[in-house]
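Worksheet: one structure, shown below.
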């Protein structure tokens, strides 16, 4: 029984080591790529979700914006980019709807003390095309130097 436990521990350890090495071997994203993550000051994006076809910030999304604003205070010299995208749960939101979503998030950030001249918003163009799609439309928020 003792040998079986030792073999299991060794097997699990080898699997963990293999995953660690594989994780280190992956290529890092291009510097201009949008990566969804939690470190907005490092350029990773945070997504604010909107109900399909809606432009109203939900209470949960408002909490995310508050948390995000706290993170943005840690990197006051970085530019903030808002990219509004459609979800894939139905027909794409109209450009007007996406622009309205970006404007709402901009307004919330400004009302929470983020300087308006730090914020750029887009609802069309190459950044929208490279942004990761999801089941629900929303606004990606990330930073650039």
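Read the figures in this text as sums done on the coordinates, not as results from a lab. Since this is a predicted model, take the numbers as computed values, not measurements. Positions of Cβ are generated from backbone atoms using ideal geometry, with glycine treated the same way; all protein chains shown enter the neighbour counts.
Structure notes:
- Modelled FRET efficiency - R0 22 Å, residue 38 with residue 120, Cβ distances, 0.05 increments: 0.55
- With the largest listed first and rounded to whole Å, the semi-axes of the equivalent ellipsoid of the stretch 30-144 from the Cα gyration tensor are 21, 16, 12.
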